[in-house]
Amino acid sequence: MIIKMIKLTLIVLLFSVQSFGQTNMKKENNKYYNLTSVSLLGGSALSGSFQIVNGYEFNKHWAAGLGIGVENFYGQNYFPLFIDSKYTLLDQPFSPFCSVNLGYDLPTENFERNKGGFMGTGRIGIQHQLGNHFGLITSAGYRYAYIKQNEWAWWGNNWVEEIREINRFEFRFGFIFR
Amino acid sequence: MKNTAILLACALLIFSGCKDKTFQKYTANVPVYTDFDEFRSDLGTVKFETAKPITQKGNIYFKDNYLFIIDSYKGIHVVDNSNPSSPNNVGYYAVTGITGMAIENNYLYINSYIDLVVVDVSNINQPVEAGRVESVFETALPEHNPNYPIAEVDPSKGIITGWVVEEFVSETEPINGCFNCMWLTNENMGAVFDASSGSSSPSQGISGSITKFALLNSYLYIMNGNNLVPFDLSNPKEPSTTNTIPVWREVETLFSYNDHIFMGTTTGMLIYNTENRNQPEQIGAINHVNACDPVVVDGDYAYVTLRTGNPCSGQANQLDVIDVSSYSNPVLKQSFNLENPHGLGIINEHLFICDGSDGLKVFDAQNPEDCGNHLIKNFKNIQATDVILFGNIAMLIGDDGLYQYDISDLENINEISQLKFN
């Protein structure tokens, strides 16, 4: 029941933040943006990731936002909740950028045992603005997560905390809406 | 194009380092190491000290009127038993890591964790180290907390002389949970090894039946984990070992008899001949249900006690009488129910069984296949563990003390002394 409520809350939060961002784009002269992207995470294993960031451009170069997504590591689904900051190199429709995510991978199930953990991403990429309201981004980066999960010890009388350090490369593709 | 290729190559190089890591964090027995040289010059040498109070049971060993009680991992209590009616605790051999012993002539052979140590005990009050075989028992570890697994062990760091229970982070699995690791602990004695087996040569000492040392024809046989290790004692100060014989069972006890070694294992009794003393060869075996099972042999019969309990996952409490007239074909002749039998001994066709909380039981074994029906004496109120029979005396160790009995008249056995533990 609790798990369902958390999931529902996250979904509501996801869409409310997105609609809030889109509503305010007009008011704030397109300072607000939405970045929706998918990526392939590779390394020890291959997995996919989906992220939505709703952010604000402080000036021609700096932007920051809040993000949420869905991803999977070792058979467990996680909602990454994170802060995204982005630096765009040029004030041009076609510009390199770099960005950093910092946040927490929240497990979607097994809350009693799966504790989730810190996540972070560093990326460099290209942003291509195709109009006033729409653009594309593509990037490559490094993805890190530190996930904890308790397992009942096979020797039978206590718990083992299993810690996974996720080290993945990331290829991401996404759309920017203003 | 060239730049793109270089860029891709660099990216691949960077990304190839992207490997996940998995750690396990758990509470474990973490090893405490002592430097090899430090151990062999101090903790692992025998030092004579004044008598200490005996606080708990241990393996017992008898030689030349002295009774030795092993204080597991710490030393040996020396008891002058020249007058069995009044045993006298006269000294203590302090040596770290000891769990088993054997004496041939004037040389005491003990394990001190990974080493076999030879001690000249010509003068009982002045033991002198006469030799040492280093690093022969590499699986020897101190007693650990069985509720937790053992963390990573690195033998190159030194000799493990203790454990600390603490949180441990490892990239690998713990080596075991050790609920049934007989090579690590023994429920009765808390030992890697036990004292040496019964023997008949006057040059050798005698121990109870719960043993992993066995002296036979100038060889000392020791169970090291699942390996039988023969030591040639031709030069008693410098035992030499060149061979190990894997035994694919959990061996608990060795008993040497008639040029053969009888092994009590958790799943049966094995018989090895020692025609080639350096390469004993299994010639017979008989299986039984899981149980701890010391064994003694007399004539054509082997007597095996099976008991329940943690270390052996035992399923039965009984005495098995096995016909070993053909060593290659042992045959179970009879089983008799008992309470919780531990060590045993046989003398003059009388079988002594330490039956746990039911005390010491003496059976007439003139007819071995019916001996279980001929209980002639039962000394209750003793948590009896093991017994040595020598001459007219039975020396029994229990949970709370050393008990001795006059057995000169086997039909009329009398207790003659108690040496209570503090």
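The label point for B:Gln56 and the one for B:Asn367, both projected 7 Å from the Cα toward the Cβ, are 4.4 nm apart. For the residue pairs B:Lys57/B:Lys333; B:Lys25/B:Lys157; B:Lys333/B:Lys361; B:Lys74/B:Lys380; A:Lys148/B:Lys157; A:Lys31/A:Lys115, alpha carbon separations beyond 28 Å are given by B:Lys57/B:Lys333; B:Lys74/B:Lys380; A:Lys148/B:Lys157; A:Lys31/A:Lys115. Annotation: extensible slack from B:Gln279 through B:Asn392 equals 37.0 nm (criterion: 0.36 nm per residue apart, minus Cα-Cα distance).
Here the convex hull built on the C-alpha positions of region B:274-357 has a volume of 114 cubic angstrom per residue. Between A:Glu109 and A:Glu151, the C-beta separation translates, for a Förster distance of 22 Å, into a calculated FRET efficiency of about 0.90.
Centre-to-centre, using Cα atoms only, region A:89-164 and region B:41-73 are separated by 62 Å. The phi-based Karplus calculation (6.51 cos²θ - 1.76 cosθ + 1.60; θ = phi - 60°) puts the 3J(HN,Hα) values of region B:47-58 at 10, 7, 10, 5, 4, 10, x, 8, 10, 8, 5, x Hz, whole numbers, x for Gly and Pro. Mean residue ellipticity, 222 nm, helices only, the protein assembly as shown: the sum of -39500 (n - 2.57) across DSSP H runs of n ≥ 4, divided by residue count and rounded to 500, is -2500 deg cm²/dmol. Here, region B:112-175 yields an orientationally averaged convex hull projection of 6.0 nm² when only Cα atoms define the hull. The residues packed around A:Gly43, meaning those with a beta-carbon under 14 Å from its beta-carbon, carry a net charge of +1 if Lys and Arg are +1 and Asp and Glu are -1. Comparing region B:341-411 with the 2.2 N^0.38 Å rule of thumb, its C-alpha radius of gyration ratio is 0.99 (two decimals). The residue list B:Val169, B:Asn123, B:Ile76 was ranked by how far each Cα lies along the charge dipole of chain B toward its positive end, using unit charges on Cβ atoms, and B:Val169 comes out on top. Radius of gyration (Cα atoms) of the protein assembly as shown, expressed as a multiple of 2.2 N^0.38 Å: 1.42. Over region B:1-158, the pair-distance histogram of Cα-Cα distances with 5 Å bins from zero comes to 2, 8, 14, 16, 13, 10, 7, 5, 4, 3, 3, 3, 3, 3, 2, 2, 1, 1, 0, 0, 0 percent, rounded to whole numbers. Quick one: go through region B:258-286 and flag any residue whose amide nitrogen is under 11 Å from the point 7 Å out along the Cα-to-Cβ line of B:Ser328. Output list for this probe position: B:283-284. Seen against the Cα atoms of chain B and their longest principal axis, helix B:2-15 is set at about 20 degrees. Overall, the protein assembly as shown carries a charge dipole of about 4360 debye about its Cα centre when +1 sits on the Cβ of Lys and Arg and -1 on the Cβ of Asp and Glu, all other atoms neutral. With a 10 Å cut-off around each Cβ of A:142-155, the average count of Cβ atoms from other chains is 3. Here the spin labels are modelled as points 7 Å beyond Cα on the Cα-Cβ line, and at B:Ser86 and B:Leu375 they lie 3.5 nm apart. Under 17 Å from a label point set 7 Å out along the Cα-to-Cβ vector of A:Tyr74, the amide N atoms of region A:97-141 belong to A:105-120. Over chain B, the fraction of Cα-Cα pairs per 10 Å bin, rounded to whole percents and listed from the shortest bin up, is 5, 22, 31, 24, 10, 3, 2, 2, 1, 0, 0. How high is the FRET efficiency between B:Ser218 and B:Lys19 when r is their beta carbon distance and R₀ equals 56 Å, given to the nearest 0.05? Rounded to the nearest 0.05, the efficiency is 0.50.
The modelled label-to-label distance between B:Ser122 and A:Leu136, using points 7 Å beyond Cα along the C-beta direction, is 9.6 nm. Scaled to the globular estimate 2.2 N^0.38 Å, the Cα spread of region A:60-100, given as radius of gyration, is 1.56.
Quick note: the coordinates plus some simple rules give every number you see, no bench work behind them. Remember, it's a predicted structure, so these values are computed and weren't measured experimentally. In this analysis, Cβ positions are derived from the backbone assuming ideal geometry, glycine residues included, and neighbour counts consider all displayed protein chains.
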